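To start, the structure itself, in structure tokens.
What follows draws every value from the coordinates through simple rules; no lab data is involved. The structure displayed is predicted, hence computed values, not measured ones. Every residue, glycine among them, receives a Cβ derived from its backbone with ideal geometry; neighbour counts consider all protein chains shown.
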């Protein structure tokens, strides 16, 4: 169906096809409304057990880079305590299991992933949406907020279209599927970071900078400021080609895509700060910490 839209005789030229593609696969207003209802309903249920708790969307919901079939990323926030995020997530998981036993009709499946870098609870909402719920995940929220700020700061609106087109190409060509799961953890988020790092190397998007109001989370500074810029006048064909050449010809097993530095940084310079797996062959650095 998407390809048919692009092959429309009225859709001539690479830029026009990119625009049509983004318009076709981007999250619709109807879908955004559905997701808001799910978020609000979950918050209502959890407030029966957790005082002053709040559930907010992050990920594609605030980056502007979502599609109708994107997973939902939700963050449950409540008063911090001295227990670990793993313990807090386990407590919330028990609460959700209790809600499911009450047959509230919200969940179709439910399981916890406690050994992830950020513990999450996954479930299918009543309408089939795949939801990932994390607890007090302020850093995760800020990572999404920064990407959203970059997209919003582009006065041409083209950055969003380019990223959606790139992700569609990758998904359509099986780039996100791999038999080497332990070494090749490439997904739409990491590819977006790779592309944005490349755009910084090309001096197309602004450098990463902090704001004038420092904000600290777990010892990490997570505030940022993004000035306005534009991608108007950029040769998209040349840009994509140069990005692909960078990925194919670069020694990516020895380099790190660092959006903070706006460069491909030798792994040896960051190895002591990163918690990558020994067998990894692709490295993309978090914007606010060194993992």
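Solvent-free Debye calculation, one equal scatterer per alpha-carbon of the chain: log10 I(q)/I(0) at 0.11, 0.16 Å⁻¹ equals -0.73, -1.46. Only alpha carbons enter this Debye calculation for segment 46-94, each as an equal point scatterer, and the log10 of I(q)/I(0) it gives at q = 0.14 Å⁻¹ is -0.46.
So what's the angle, to the nearest 10 degrees on a 0 to 90 scale, between helix 158-172 and the longest Cα principal axis of the chain? Orientation of helix 158-172: about 80 degrees from the principal axis.
Given contacts defined as C-alpha pairs under 8 Å and at least six residues apart, what's the relative contact order of segment 29-136, whole-number percent?
About 24 percent, as a whole number.
Dividing the summed -39500 (n - 2.57) terms of all DSSP H runs of n ≥ 4 by the residue count of the chain sets its mean residue ellipticity at 222 nm at -12500 deg cm²/dmol.
Determine, from the Cβ-Cβ distance of residue 52 and residue 215 and an R0 of 22 Å, the FRET efficiency 1/(1 + (r/R0)^6), rounded to the nearest 0.05.
Working: r = 21 Å, r/R0 = 0.94.
In this case the efficiency is close to 0.60.
Only Cα pairs within less than 10 Å get springs; with that Gaussian network setup on the chain, which residue of 193, 267, 162 has the largest fluctuation? Maximum fluctuation in the GNM of the chain, among the listed residues, is at 267. Between the Cα long axis of helix 138-153 and the first principal axis of the chain there is an angle of about 40°, rounded to the nearest 10.
Mean sequence separation of contacting Cα pairs (under 8 Å, at least six apart), scaled by the length of the chain, corresponds to a relative contact order of 15 percent.
Projected label points at residue 175 and residue 149, each 7 Å from Cα along the beta carbon direction, are separated by 2.6 nanometres. Convex hull volume of the Cα atoms of segment 29-136, normalised per residue: 101 Å³.
As a proxy for reagent exposure, 196, 239 were ordered by neighbouring Cβ count within 10 angstrom, fewest first; the result is 239, 196. Relative to its residue count, segment 77-121 spans a Cα convex hull of 83 Å³ per residue.
May I ask you to sort 223, 115, 69 by Cβ crowding, counting other Cβ atoms within 10 Å and putting the fewest first?
Details: 223 17, 115 7, 69 11.
Lowest count first: 115, 69, 223.
The DSSP beta bridges internal to the chain are antiparallel in roughly 75% of cases. Label-to-label distance, residue 269 versus residue 229, with points set 7 angstrom from Cα along the beta-carbon direction: 1.8 nm. Structure remark: mean-square fluctuation, Gaussian network model of the chain, C-alpha springs under 10 Å; the largest value among 109, 60, 172 belongs to 172.
Most mobile of 30, 138, 230 per a Gaussian network model of the chain (Cα springs, under 10 Å)? Highest fluctuation of the listed residues: 30.
Given the Cα atoms of segment 87-210, and with Rh set as the inverse mean 1/r over their pairs in the Kirkwood sense, what is Rg to Rh to two decimals?
Numbers: Rg = 18.1 Å, Rh = 17.3 Å.
Taking Rg over the Kirkwood Rh, I get 1.04.
Could you calculate the FRET efficiency of residue 203 with residue 23 from 1/(1 + (r/R0)^6), where r is the beta carbon distance between them and R0 is 30 Å, rounded to 0.05? Before the final figure, lay out the partial values.
On the way: r = 28 Å, r/R0 = 0.94.
Efficiency for this residue pair is about 0.60.
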